[in-house]
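Read through the structure below, which is laid out as structure tokens, and then see the notes.
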Amino acid sequence: MTRIVVVIVAYLIGSIPFGYLIVRGKIGADIRQTGSGGTGATNVSRRAGKVAGVLTLVLDAAKGSAAVFIAKTFTGSDWIIAAAAVAVLVGHIFPVWLGFRGGKGVATGAGVFLVLAPVALLLAGILFLAIVFFTRYVSLGSMIGATTIPLFVWLQSDSRPLLIAAVLGALLIVFAHRGNIGRLAHGTEAQI
């Protein structure tokens, strides 16, 4: 029973829509009605400024770390920790409080892997920064960074639950970027 509760709690933590709440509180707007339509840091910074974007980034990452810490503390099971990692991402991307329409999962995923696989996160983060620097597309850097996490996890760990969580997390993040993929293909994606 504890294990089920931990996964549900992870989803609910992920569902806290920090970006939406910050923009709503600062300028009274619904962040989902502008830009990419996501509640994440990039869209928030475009709508409400860099400070709001950084705050969203930190809080969204903290959600991912918190969900994993809770799972580690209360279960110690690698499979439940992996399930909580995926659940917090699902919560962020499909939050129950916002009609299952949230962010892209990048910052929350970073928070998850900061705890579970910091070296893999560091390597993916370097790749993310390089892609963004050379192309000016945050979405492209995010997707490439997310899809390389499983590779880096596989290279550094023999944990099957962790690898499965990394693969599922990458698939969720790419799915959440499906609109960005279309805009990238048509040359209409916003650059920074």
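The values are calculated or read from the model by the stated rules, or taken from the named source; none is laboratory data. This is a predicted model, so every value here is computed, not measured. Cβ placement follows ideal geometry from the backbone for every residue including glycine, while neighbour counts extend to all protein chains displayed. Areas reflect the complete protein model, heavy atoms only, side chains present, ligands, DNA and RNA absent. Shrake-Rupley method; radii C 1.70, N 1.55, O 1.52, S 1.80 Å.
Among all residues of the range 113-120, there is at least one that is without any contact (Cβ under 8 Å) to a residue 60 or more places away in the chain, assigned to a helix (DSSP H, G or I) and under 21 Å from Gly53 (Cα atoms). Could you tell me which numbered condition Val90 fails, if it satisfies all but one of (1) open to solvent by 60 Å² or more (accessible area, probe 1.4 Å); (2) under 20 Å from Leu59 (Cβ atoms)? Going through (1) open to solvent by 60 Å² or more (accessible area, probe 1.4 Å); (2) under 20 Å from Leu59 (Cβ atoms) one by one, Val90 breaks only (1).
Counting residues that are in contact with a strand residue (DSSP E or B) (Cβ under 9 Å, 6 or more places away or on another chain) and among the hydrophobic types (A, V, I, L, M, F, W, C), which helices (runs of 4 or more DSSP H) fully inside the range 28-95 reach at least 3? Full working, then the answer.
Values: elements: 41-48, 50-74, 78-93.
Correct list: empty, since no element meets the threshold.
Can you work out which of the residues in the range 6-53 that are without any contact (Cβ under 8 Å) to a residue 40 or more places away in the chain, among the hydrophobic types (A, V, I, L, M, F, W, C) and out of contact with any helix residue (DSSP H, G or I) (no Cβ under 7 Å at 6 or more places or on another chain) is least open to solvent (accessible area, probe 1.4 Å)? Looking at the filtered set, the residue picked out is Leu21. Of the residues making up the range 126-152, those that are free of Cβ contacts under 8 Å to residues at least 40 places away in the same chain, buried (at least 17 other Cβ atoms within 10 Å of the Cβ) and within 22 Å of Ile81 (Cα to Cα) are Gly145, Thr147, Thr148, Pro150, Phe152.
Which of the residues that make up the range 141-178 are part of a helix (DSSP H, G or I) and of a type in the set (S, T, N, Q)?
Step one: filter the range 141-178 for residues part of a helix (DSSP H, G or I), giving 141-156, 160-176, 178.
Answer for the range 141-178, where residues must be part of a helix (DSSP H, G or I) and of a type in the set (S, T, N, Q): Ser142, Thr147, Thr148, Gln156.
For the range 76-86, the criterion of a residue being in contact (Cβ under 8 Å) with a residue 60 or more places away in the chain, more than 14 Å from Ala165 (Cβ to Cβ) and of a type in the set (S, T, N, Q) is satisfied by no position.
Which ones in the range 95-119 are hydrophobic (A, V, I, L, M, F, W, C) and in contact with a Ser or Thr (Cβ under 8 Å, 6 or more places away or on another chain)?
Let us first name the residues in the range 95-119 that are hydrophobic (A, V, I, L, M, F, W, C), namely 96-98, 100, 106-107, 110, 112-117, 119.
Scanning the range 95-119 gives Val96, Trp97, Leu98, Val106, Ala107, Val112, Leu114, Val115, Ala117.
Evaluation of Thr73 against the conditions (1) within 21 Å of Arg32 (Cβ to Cβ); (2) open to solvent by 60 Å² or more (accessible area, probe 1.4 Å); (3) not hydrophobic (A, V, I, L, M, F, W, C) shows that the sole unmet condition is (1).
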